[in-house]
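Below: one structure, written as structure tokens.
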Amino acid sequence: MGITRKAGATALALAALGTALTVATPANAATPTAATPNCTKLKSTNLGNGWFLNTPGYDAPKGSSSFNCYLELGDRNGAVLWLQKTIAYCYDDGDIVEDGIYGPLTRDKVKAVQRHGGAPQTGIYGPITRKSMQWRLYNVNTKRYSELCYKVR
């Protein structure tokens, strides 16, 4: 898995949109803890100008982040499916199975994404991996996904 035309366009990041997403995450949050929930659904963040970022999340209590969650071996849900679709598109990885099951192949592909993004290679998707990944954006005005993938800060 190398840098692709889609992933290589990250210098644009969200500067073209005039916005950035920042999430406070402890530097040592590479693996889940008992207090950290599993991602159970997709959560959308409004980036402005009709653009939204969809990433795995969960229903958090009011006032707390709903993105600081994990996906790991054995998880089965729509958040896993979106992660698999993102890896397939943004990293030109046609080998990943898009079935919503976080199995050994998904774990290995997440490790490759982590390696590419400079995150710890745990094979577990979490806040650090989310921030190091490339993502497609969705525009509600055009009802289309971006052709390029972006690293959201």
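The values are calculated or read from the model by the stated rules, or taken from the named source; none is laboratory data. Here the structure is a predicted model, which means the values were calculated and not measured. Note that each Cβ is placed from the backbone with ideal geometry, even for glycine, and that neighbours are counted across all protein chains shown.
Screening Ala13 with (1) at pLDDT 85 or above; (2) under 17 Å from the mean Cα position of the chain (by Cα); (3) on the phi > 0 side of the Ramachandran plot gives one miss only, at (1). Return the residue satisfying two criteria in turn: it lies in segment 130-153 and is more than 21 Å from Gln114 (Cβ to Cβ) and basic (Lys, Arg), and of such residues it is surrounded by the most Cβ atoms within 10 Å (Cβ to Cβ). Selected residue: Arg144. Of all residue pairs spaced 6 or more apart or on separate chains, those with beta-carbon atoms under 9 Å, a first member in segment 129-151 that is within 25 Å of Cys69 (Cβ to Cβ) and a second member that is of a type in the set (Asp, Glu) and assigned to a loop (DSSP other than H, G, I, E, B) are Arg136/Glu147.
On inspection, Thr106 passes the criterion of being surrounded by 14 or more Cβ atoms within 10 Å (Cβ to Cβ) and modelled with pLDDT of 80 or more.
Yes or no, residue by residue, for (1) among the β-branched types (Val, Ile, Thr); (2) at pLDDT below 95:
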{"residue": "Val80", "(1), (2)": "yes, no"}
{"residue": "Tyr102", "(1), (2)": "no, no"}
{"residue": "Gly123", "(1), (2)": "no, no"}
{"residue": "Lys131", "(1), (2)": "no, yes"}
{"residue": "Trp135", "(1), (2)": "no, no"}
{"residue": "Tyr138", "(1), (2)": "no, no"}
{"residue": "Thr142", "(1), (2)": "yes, no"}
{"residue": "Val152", "(1), (2)": "yes, yes"}
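Specify the residue that is surrounded by the fewest Cβ atoms within 10 Å (Cβ to Cβ); the eligible residues are those in segment 69-103 that are out of contact with any strand residue (DSSP E or B) (no Cβ under 8 Å at 6 or more places or on another chain) and among the charged types (D, E, K, R). Residue satisfying both the conditions and the ranking: Asp95. Looking across segment 36-76, just one residue is over 16 Å from the mean Cα position of the chain (by Cα) and of a type in the set (Val, Ile, Thr), and that is Thr36. Of the residues making up segment 43-67, those that are of a type outside the set (A, V, I, L, M), assigned to a loop (DSSP other than H, G, I, E, B) and on the phi < 0 side of the Ramachandran plot are Tyr58, Asp59, Pro61, Lys62, Ser64, Ser65, Ser66, Phe67.
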